[in-house]
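Following: one structure in C-alpha coordinates, then a few remarks.
The values are calculated or read from the model by the stated rules, or taken from the named source; none is laboratory data. Quick caveat, the model's predicted, so the values are computed rather than measured. Virtual Cβ from ideal backbone geometry, glycine too; neighbours counted across all protein chains shown.
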Amino acid sequence: MKKIISGNKYSNDHLIYEILVIIFTTLSVVDLAIASMVCKSWNLASRSPKLWKRLDLSILSLKGMNEPLRPFAWMDEYSSQKITQFLKYTSSLSGGTISCIIFNYNVYLRDMHLISIAERTPNLKRLVLPISGNISKIGIETALRSWRGLKSITITSMVHYINLFDAIEKYCTNIVCLKFTYCFEQDHAKSLVKYTPNLKVLSIRSMRVNMRGLCYVLNNLEHLKVVNLSHSIILDKFDDELRIYSIFDVLSRVNISCKIIVCQRRSCLRCKNENMRNSRRLSNGSLEEIWREDEIICLAH
(Lines give C-alpha, C1' and ligand atoms only; values in the text may rest on other atoms or scores of the structure.)
Protein backbone atom coordinates (compact mmCIF):
# COMPACT_ATOMS: atom_id res chain seq x y z
CA MET A 1 0.00 0.00 0.00
CA LYS A 2 2.82 2.37 0.82
CA LYS A 3 4.42 1.68 -2.56
CA ILE A 4 1.20 2.64 -4.37
CA ILE A 5 0.94 5.93 -2.47
CA SER A 6 4.59 6.62 -3.16
CA GLY A 7 4.04 5.91 -6.85
CA ASN A 8 1.02 8.23 -7.03
CA LYS A 9 2.96 10.98 -5.27
CA TYR A 10 5.76 10.65 -7.80
CA SER A 11 3.26 10.81 -10.69
CA ASN A 12 1.56 13.88 -9.25
CA ASP A 13 4.88 15.65 -8.67
CA HIS A 14 5.98 14.89 -12.21
CA LEU A 15 2.66 16.14 -13.62
CA ILE A 16 2.91 19.37 -11.63
CA TYR A 17 6.48 19.80 -12.86
CA GLU A 18 5.45 19.38 -16.51
CA ILE A 19 2.53 21.81 -16.13
CA LEU A 20 4.76 24.41 -14.50
CA VAL A 21 7.32 24.11 -17.31
CA ILE A 22 4.60 24.66 -19.92
CA ILE A 23 3.37 27.75 -18.05
CA PHE A 24 6.89 29.07 -17.61
CA THR A 25 7.48 28.98 -21.38
CA THR A 26 5.11 31.97 -21.64
CA LEU A 27 7.14 34.12 -19.21
CA SER A 28 9.83 36.66 -19.98
CA VAL A 29 13.28 35.91 -18.64
CA VAL A 30 12.80 38.43 -15.81
CA ASP A 31 9.47 36.95 -14.74
CA LEU A 32 10.94 33.45 -14.96
CA ALA A 33 13.81 34.44 -12.67
CA ILE A 34 11.33 35.79 -10.11
CA ALA A 35 9.11 32.69 -10.39
CA SER A 36 12.12 30.55 -9.53
CA MET A 37 12.23 32.18 -6.08
CA VAL A 38 8.65 31.31 -5.10
CA CYS A 39 9.21 27.78 -3.75
CA LYS A 40 11.26 24.62 -4.30
CA SER A 41 8.90 23.09 -6.88
CA TRP A 42 8.82 26.31 -8.92
CA ASN A 43 12.59 26.60 -8.67
CA LEU A 44 13.00 23.04 -9.94
CA ALA A 45 10.63 23.64 -12.87
CA SER A 46 12.34 26.94 -13.72
CA ARG A 47 15.59 25.04 -14.30
CA SER A 48 14.17 22.88 -17.08
CA PRO A 49 16.49 22.85 -20.14
CA LYS A 50 13.39 23.49 -22.28
CA LEU A 51 13.26 27.05 -20.90
CA TRP A 52 16.88 27.97 -21.41
CA LYS A 53 17.89 27.35 -25.00
CA ARG A 54 17.61 31.10 -25.54
CA LEU A 55 18.39 33.89 -23.07
CA ASP A 56 16.30 36.71 -24.52
CA LEU A 57 16.99 40.01 -22.77
CA SER A 58 15.49 42.17 -25.53
CA ILE A 59 12.41 42.90 -23.42
CA LEU A 60 12.98 43.80 -19.76
CA SER A 61 9.71 45.21 -18.53
CA LEU A 62 9.58 44.62 -14.80
CA LYS A 63 9.86 47.32 -12.11
CA GLY A 64 13.03 45.76 -10.79
CA MET A 65 14.67 45.95 -14.21
CA ASN A 66 12.99 48.53 -16.40
CA GLU A 67 13.70 48.41 -20.10
CA PRO A 68 16.03 51.25 -21.16
CA LEU A 69 14.57 53.35 -23.98
CA ARG A 70 17.76 54.78 -25.45
CA PRO A 71 21.44 53.83 -25.84
CA PHE A 72 23.76 54.59 -22.90
CA ALA A 73 20.74 54.66 -20.55
CA TRP A 74 22.26 52.16 -18.11
CA MET A 75 25.79 53.48 -17.64
CA ASP A 76 25.61 54.08 -13.88
CA GLU A 77 27.30 51.73 -11.42
CA TYR A 78 24.07 50.61 -9.74
CA SER A 79 22.59 49.45 -13.06
CA SER A 80 25.84 47.74 -13.97
CA GLN A 81 25.84 45.72 -10.76
CA LYS A 82 22.18 44.82 -11.22
CA ILE A 83 22.83 43.51 -14.73
CA THR A 84 25.81 41.47 -13.50
CA GLN A 85 23.74 39.86 -10.72
CA PHE A 86 20.89 39.14 -13.10
CA LEU A 87 23.12 37.51 -15.70
CA LYS A 88 24.79 35.32 -13.05
CA TYR A 89 21.47 34.19 -11.61
CA THR A 90 19.75 33.40 -14.91
CA SER A 91 22.79 31.54 -16.23
CA SER A 92 22.87 29.47 -13.02
CA LEU A 93 19.23 28.50 -13.60
CA SER A 94 20.05 27.43 -17.15
CA GLY A 95 22.64 24.88 -16.08
CA GLY A 96 24.83 25.73 -19.07
CA THR A 97 22.20 24.88 -21.72
CA ILE A 98 21.91 28.37 -23.27
CA SER A 99 22.77 28.34 -26.99
CA CYS A 100 21.53 31.84 -27.92
CA ILE A 101 21.89 35.18 -26.12
CA ILE A 102 20.03 38.29 -27.27
CA PHE A 103 21.03 41.33 -25.24
CA ASN A 104 18.68 44.25 -24.81
CA TYR A 105 19.15 46.70 -27.69
CA ASN A 106 19.90 49.67 -25.41
CA VAL A 107 21.60 48.05 -22.44
CA TYR A 108 25.14 49.36 -21.79
CA LEU A 109 27.38 46.29 -21.93
CA ARG A 110 30.78 46.17 -20.22
CA ASP A 111 33.61 43.65 -20.01
CA MET A 112 32.41 42.30 -16.66
CA HIS A 113 28.94 41.54 -18.06
CA LEU A 114 30.18 39.81 -21.20
CA ILE A 115 32.86 37.77 -19.43
CA SER A 116 30.48 36.78 -16.61
CA ILE A 117 27.86 35.36 -18.96
CA ALA A 118 30.47 33.79 -21.26
CA GLU A 119 31.98 31.75 -18.43
CA ARG A 120 28.55 30.27 -17.72
CA THR A 121 27.36 29.57 -21.29
CA PRO A 122 29.97 27.30 -22.90
CA ASN A 123 27.50 25.95 -25.49
CA LEU A 124 26.61 29.28 -27.06
CA LYS A 125 25.96 29.25 -30.81
CA ARG A 126 24.39 32.67 -31.47
CA LEU A 127 25.23 36.08 -29.94
CA VAL A 128 23.28 39.31 -30.53
CA LEU A 129 25.18 42.29 -29.10
CA PRO A 130 23.52 45.53 -27.91
CA ILE A 131 23.97 48.87 -29.63
CA SER A 132 25.93 50.55 -26.81
CA GLY A 133 28.69 49.60 -24.41
CA ASN A 134 32.42 49.50 -23.83
CA ILE A 135 34.02 46.16 -24.59
CA SER A 136 37.83 46.07 -24.65
CA LYS A 137 40.13 43.80 -26.65
CA ILE A 138 40.73 41.72 -23.51
CA GLY A 139 36.99 41.54 -22.82
CA ILE A 140 36.01 40.24 -26.25
CA GLU A 141 38.92 37.78 -26.37
CA THR A 142 38.11 36.39 -22.93
CA ALA A 143 34.46 35.93 -23.89
CA LEU A 144 35.13 34.28 -27.26
CA ARG A 145 37.65 31.95 -25.63
CA SER A 146 34.66 30.47 -23.76
CA TRP A 147 32.49 30.48 -26.90
CA ARG A 148 34.58 28.36 -29.25
CA GLY A 149 31.45 26.82 -30.76
CA LEU A 150 29.96 30.19 -31.73
CA LYS A 151 28.41 30.23 -35.21
CA SER A 152 26.48 33.48 -35.47
CA ILE A 153 27.15 37.06 -34.30
CA THR A 154 25.19 40.28 -34.68
CA ILE A 155 27.94 42.91 -34.72
CA THR A 156 27.38 46.46 -33.47
CA SER A 157 29.67 49.47 -33.13
CA MET A 158 30.12 48.84 -29.40
CA VAL A 159 33.00 46.44 -30.20
CA HIS A 160 35.87 47.58 -32.42
CA TYR A 161 35.81 45.32 -35.45
CA ILE A 162 39.59 44.73 -35.36
CA ASN A 163 39.40 43.44 -31.79
CA LEU A 164 36.42 41.27 -32.67
CA PHE A 165 37.94 39.68 -35.77
CA ASP A 166 41.27 39.10 -34.00
CA ALA A 167 39.36 37.15 -31.34
CA ILE A 168 37.35 35.27 -33.98
CA GLU A 169 40.57 34.20 -35.69
CA LYS A 170 41.95 32.80 -32.40
CA TYR A 171 38.90 31.08 -30.96
CA CYS A 172 35.84 30.97 -33.22
CA THR A 173 36.71 29.34 -36.54
CA ASN A 174 33.18 28.04 -37.12
CA ILE A 175 31.43 31.38 -37.75
CA VAL A 176 28.93 30.91 -40.59
CA CYS A 177 26.58 33.85 -40.04
CA LEU A 178 27.33 37.55 -39.47
CA LYS A 179 25.01 40.52 -39.26
CA PHE A 180 26.33 44.09 -39.39
CA THR A 181 24.27 46.86 -37.82
CA TYR A 182 26.59 49.71 -38.71
CA CYS A 183 28.29 51.01 -41.86
CA PHE A 184 30.14 48.39 -43.90
CA GLU A 185 33.49 49.63 -45.21
CA GLN A 186 36.40 48.12 -47.14
CA ASP A 187 38.32 47.32 -43.96
CA HIS A 188 35.37 45.31 -42.68
CA ALA A 189 35.24 43.42 -45.97
CA LYS A 190 38.94 42.50 -45.81
CA SER A 191 38.60 41.26 -42.23
CA LEU A 192 35.53 39.28 -43.19
CA VAL A 193 37.32 37.45 -46.00
CA LYS A 194 40.46 36.86 -43.94
CA TYR A 195 38.95 35.68 -40.65
CA THR A 196 35.59 34.12 -41.61
CA PRO A 197 36.35 32.13 -44.78
CA ASN A 198 33.50 29.68 -44.11
CA LEU A 199 30.83 32.40 -43.93
CA LYS A 200 27.49 31.33 -45.42
CA VAL A 201 25.14 34.15 -44.44
CA LEU A 202 25.86 37.89 -44.39
CA SER A 203 23.30 40.52 -43.45
CA ILE A 204 23.88 44.29 -43.73
CA ARG A 205 20.53 45.90 -42.95
CA SER A 206 19.57 49.56 -43.50
CA MET A 207 23.18 50.74 -43.59
CA ARG A 208 25.73 52.40 -45.86
CA VAL A 209 27.66 49.73 -47.76
CA ASN A 210 30.93 50.41 -49.54
CA MET A 211 30.68 49.20 -53.15
CA ARG A 212 34.28 47.99 -53.46
CA GLY A 213 34.09 46.26 -50.08
CA LEU A 214 30.86 44.47 -51.00
CA CYS A 215 32.28 43.29 -54.34
CA TYR A 216 35.43 42.07 -52.58
CA VAL A 217 33.36 39.95 -50.21
CA LEU A 218 31.14 38.54 -52.95
CA ASN A 219 34.12 37.60 -55.11
CA ASN A 220 36.20 36.02 -52.34
CA LEU A 221 33.87 34.15 -49.97
CA GLU A 222 33.24 30.93 -51.87
CA HIS A 223 30.86 29.40 -49.30
CA LEU A 224 28.54 32.43 -49.17
CA LYS A 225 24.91 31.45 -49.82
CA VAL A 226 22.80 34.47 -48.85
CA VAL A 227 23.46 38.22 -48.54
CA ASN A 228 20.73 40.49 -47.18
CA LEU A 229 21.05 44.14 -48.25
CA SER A 230 17.47 45.27 -47.62
CA HIS A 231 17.23 49.08 -47.32
CA SER A 232 21.01 49.48 -47.48
CA ILE A 233 22.60 52.18 -49.65
CA ILE A 234 25.48 50.96 -51.80
CA LEU A 235 27.95 53.76 -52.49
CA ASP A 236 31.58 54.66 -53.08
CA LYS A 237 33.71 57.80 -53.23
CA PHE A 238 36.03 58.74 -56.11
CA ASP A 239 37.93 62.05 -56.16
CA ASP A 240 35.49 63.68 -53.73
CA GLU A 241 32.58 62.47 -55.83
CA LEU A 242 30.04 60.22 -54.12
CA ARG A 243 28.45 57.61 -56.34
CA ILE A 244 25.39 55.55 -55.48
CA TYR A 245 24.92 52.11 -57.03
CA SER A 246 22.00 49.77 -57.61
CA ILE A 247 21.97 46.04 -56.98
CA PHE A 248 22.26 45.57 -60.74
CA ASP A 249 25.55 47.48 -60.69
CA VAL A 250 26.81 45.04 -58.08
CA LEU A 251 25.72 41.98 -60.03
CA SER A 252 27.50 43.23 -63.14
CA ARG A 253 30.80 43.43 -61.24
CA VAL A 254 30.85 40.09 -59.43
CA ASN A 255 30.79 36.42 -60.28
CA ILE A 256 28.57 34.85 -57.67
CA SER A 257 26.14 32.00 -57.13
CA CYS A 258 24.75 33.22 -53.78
CA LYS A 259 21.34 34.81 -53.33
CA ILE A 260 21.14 38.54 -52.71
CA ILE A 261 18.05 39.74 -50.81
CA VAL A 262 16.69 43.26 -51.25
CA CYS A 263 13.35 44.67 -50.19
CA GLN A 264 10.75 44.22 -52.92
CA ARG A 265 7.14 45.36 -52.67
CA ARG A 266 7.63 46.35 -49.04
CA SER A 267 8.26 42.75 -48.07
CA CYS A 268 11.06 43.08 -45.50
CA LEU A 269 10.70 43.26 -41.72
CA ARG A 270 11.31 46.99 -41.59
CA CYS A 271 8.47 47.69 -44.03
CA LYS A 272 6.09 45.26 -42.37
CA ASN A 273 6.66 46.85 -38.97
CA GLU A 274 6.57 50.43 -40.22
CA ASN A 275 3.09 51.08 -38.89
CA MET A 276 3.58 49.14 -35.67
CA ARG A 277 6.43 51.02 -34.05
CA ASN A 278 6.45 51.48 -30.32
CA SER A 279 5.71 55.14 -29.63
CA ARG A 280 8.17 55.07 -26.70
CA ARG A 281 11.10 54.37 -29.00
CA LEU A 282 13.44 57.16 -30.00
CA SER A 283 15.21 57.73 -33.32
CA ASN A 284 16.67 54.22 -33.37
CA GLY A 285 13.22 52.65 -33.53
CA SER A 286 13.40 51.52 -37.14
CA LEU A 287 16.81 49.92 -36.57
CA GLU A 288 15.68 48.14 -33.44
CA GLU A 289 12.86 46.49 -35.37
CA ILE A 290 15.32 44.65 -37.60
CA TRP A 291 18.23 44.32 -35.18
CA ARG A 292 17.39 40.97 -33.57
CA GLU A 293 15.52 39.34 -36.43
CA ASP A 294 16.16 38.97 -40.14
CA GLU A 295 14.59 37.66 -43.30
CA ILE A 296 17.21 34.90 -43.24
CA ILE A 297 16.65 31.86 -41.02
CA CYS A 298 20.15 30.42 -40.81
CA LEU A 299 20.47 28.64 -37.44
CA ALA A 300 18.14 26.59 -35.29
CA HIS A 301 18.34 27.62 -31.63
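Points to keep in mind about this one:
- Within the range 27-47, being aromatic (Phe, Trp, Tyr) and either in a loop (DSSP other than H, G, I, E, B) or surrounded by fewer than 15 Cβ atoms within 10 Å (Cβ to Cβ) (or both) holds for no residue.
- The residues listed here are Leu124, Leu178, Leu164, Leu144; of these, the one that is part of a loop (DSSP other than H, G, I, E, B) and touching a residue at least 24 places away in the same chain (Cβ under 8 Å) is Leu124.
- Filter result for the condition that a residue is out of contact with any Gly (no Cβ under 7 Å at 6 or more places or on another chain), assigned to a loop (DSSP other than H, G, I, E, B), under 21 Å from Ser152 (Cα atoms) and in the same structural domain as Thr154 (by TED's automatic domain parsing), over Ser257, Ser191, Ser230, Ser203: Ser230
- Per-region count, the range 78-134, residues of a type in the set (D, E, K, R) and within 19 Å of Ile34 (Cα to Cα): 2
- Here Ile102 passes the criteria (1) under 20 Å from Ile175 (Cβ atoms); (2) out of contact with any Asp or Glu (no Cβ under 8 Å at 6 or more places or on another chain); (3) among the β-branched types (Val, Ile, Thr) except the one numbered (2).
- Residue list for the range 111-121, filter: part of a loop (DSSP other than H, G, I, E, B) and either surrounded by 21 or more Cβ atoms within 10 Å (Cβ to Cβ) or among the aromatic types (Phe, Trp, Tyr) (or both): Thr121
- Criterion: in the same structural domain as Phe103 (by TED's automatic domain parsing), buried (at least 22 other Cβ atoms within 10 Å of the Cβ) and among the hydrophobic types (A, V, I, L, M, F, W, C) - qualifying residue of Val128, Val176: Val128
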